[in-house]
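Derivation of every value follows stated rules applied to the coordinates shown; laboratory data play no part. The structure presented is a predicted model; accordingly, all values stated were derived computationally and were not measured. Heads up, the Cβs are rebuilt from the backbone with ideal geometry, glycines too, and the neighbour counts pull from every protein chain shown.
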């Protein structure tokens, strides 16, 4: 993985000094809260419902074991013994003190980490495929390009006060596991007919109040031009993105307003004199960064039938089926550690689990881990012959729930329990649903489904692209949940459609149950939920869900008296 | 036409120029403050009387009163300022007539001024004084300097000497901009040995 050189260290060190002084000036009242707010946000510090939350960048989701151990240390020393992995492959701590944040950053710097631009109206952490470098279907490893973008966007002087936040995702495999279509910029690393490397360049995707899938603005951008072309996009957006209404300020609204053709024309015009300029990437620079992402020293192994010796062990078989993924290197596999155990908020890990995962990485996976945007952790390079031993250990620590890609592998934002933006709680909804459908056999029968829950329209829980999406809404001061179906991420990304009036929290497990009953009744052989919902449309689901009242203690009718 | 009287912003008589605090001779001509949400009529701004002395005028004033101001401009007494929603390109031919060009930051969170400055420096050939005016605060000065500002009218209620420190927050930067036209990867060989020691990092 990438290692800091003297310049990376210098910039991060100077950043900490700058931020430490900003905190001092805020505490001394030399900075007003309004002036401090964008400064602390650009350093990942949010004021939440009960305390400050600090979001730390995990560039493209890749972690060294010593970095994971540092998270455990921070969880113990500065927080309440746990952390929360996010849908943007970062980690956040929910209970930090403002006065201690500069010290946390100093500790992070010792393991080459920071919180730069993890929030605020600037270019955020570039996200990528959690199986980058090992996926069997990978065309080109996207991480070196993500790293180049990280450096270029870090403190970019012109793009630090954009109309709104700006998110880039990059994928280099046949299957899109980075949800590029719902990002402000979505890149796919591809080869042209001559075999040269470049990017299919999408812009204008996003979720939030107005979910829009990105549009391709360039079919093939040679890699040398990655930064200059991105600069052109950013300058058009910085000048013309709306600033009068924060809900209309993302680049997707600009693209929608002027049309993709006009937007592309403006970008190309902006690019004319940037093209081939000094920010054009050189072979030397690109190779320097690529060298950090060379394959590990794999042993020469053959693929083995690792299930055969444990044929009678159904639990292991379930885990293998869901949590073990194909690897490009024979004899190896990638393993997903589930942070979706029923009863635990999705994405949360305790300090003890973090230390444990770091130890596993050292023992089984060349000392590296990845955070997935579904809020799980990946050990990417495990020898197949060690899978059973690993499973036994992981199981003992509650990280082996065999539910990856299944119903209880939910994406869920922190919601109203923590976040001051939320209209409604999300974690208790996730918990109630997980409890109701805890049976692994039932989940395996239902098969692949993405259940995504957001506590408000900002869509941190990616509800728009869930096969089932749940959105918390506020109605006259009480919490309700709007349900959509048929959303999808990846190559066939789609925005879900709302099925009808919203539900109370207590009704939600039954709503999910009814949706699944329709699916089980209607599905074609091997057809996953999202495809089934897209094929049928919302009508049969809607009809069944609203056919009879959903009785819940103390309240018989939902919003709009739909019964 | 509503009544608009001349309003001269007080820059407390000092600005940062280069890396020093210096006395400032210039006045910035602005439309008077209107109630929240009310925007001054374009023709009212254009008709603002330009007081004697060295004055930085809005683009609309320059366009409307150009003939009358040309002689004063030739004397080096006229500058122009761009609002954050104005583009500098239409004034390209006139830029050489100004002794100073300024860009307004209505709020420090409005980042359009950075791109205006970039365009003035790299595409419109403006080599003279480029001044940031408006909500100009210490923590934005480093970026402003990078995109080509060399003069900073720090907000009047803030200590200008304290703000000066903002210009030296960083000694190295990754990307190219106006101040440093070559990105880090072209300036330095970066495959040098990595110091991963923990010393000095607070562990």
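What nm distance separates the two modelled labels at residue A:260 and residue A:520, each placed 7 Å from Cα along Cα→Cβ?
Label-label distance for residue A:260 and residue A:520, simple model: 4.0 nm.
What whole number of Å gives the distance from the Cα centroid of region A:341-419 to the Cα centroid of region A:9-62?
29
Looking only at B:37, B:13, B:53, which one moves most when chain B is put into a Gaussian network model with springs between Cα atoms under 10 Å?
For chain B, modelled as a Gaussian network with Cα springs under 10 Å, the answer is B:37.
For chain B, with a Gaussian network of springs between Cα atoms less than 10 Å apart, report the residue from B:91, B:29, B:184 with the top mean-square fluctuation.
Between B:91, B:29, B:184, it is B:184 that shows the largest mean-square fluctuation.
How long is the gain from residue A:76 to residue A:544 if the chain were fully straight, where each residue apart is worth 0.36 nm and the alpha carbon distance is subtracted?
163.7 nm
Can you give me the angle between helix B:59-74 and the longest principal axis of chain B, using Cα atoms only, in degrees from 0 to 90, rounded to the nearest 10?
90
Could you line up A:243, B:146, A:523 from fewest to most neighbouring Cβ atoms inside 10 Å?
A:523, A:243, B:146
First measure r as the distance between the Cβ atoms of residue A:310 and residue B:157, then evaluate 1/(1 + (r/R0)^6) with R0 = 41 Å and state the FRET efficiency to the nearest 0.05.
With a Förster radius of 41 Å, E is 0.05.
How crowded by other chains is A:150-156, given as the mean number of beta carbons from other chains within 10 Å of each beta carbon?
Mean partner shielding for this stretch: 5.
Once each part is reduced to its C-alpha centroid, what is the distance from region A:246-308 to region A:524-544 in angstrom?
Here the two parts' Cα centres lie 35 Å apart.
Which value in nm describes the separation of the simple spin-label points at residue A:551 and residue A:196, placed 7 Å from the Cα toward the beta carbon?
Going by the 7 Å Cα→Cβ label model, 7.0 nm.
Would you mind telling me the antiparallel percentage of the DSSP bridges in the protein assembly as shown, rounded to 5?
Of the beta bridges lying entirely in the protein assembly as shown, close to 65 percent run antiparallel.
What nm value, rounded to one decimal, do you get for the distance between residue A:245 and residue A:363 when each label is placed 7 Å out toward the C-beta?
It is 5.6 nm.
Note the full-extension length gain between residue A:17 and residue A:386 as 0.36 nm times their separation in residues minus their Cα-Cα distance, in nm to one decimal.
Going from the current span to full extension adds 128.3 nm.
Pick from B:99, B:74, B:46: which residue has the top mean-square fluctuation in a GNM of chain B where Cα pairs under 10 Å get a spring?
B:74
Going by alpha carbons, how many degrees (0 to 90, nearest 10) lie between the helix axis of B:112-122 and the longest principal axis of chain B?
80
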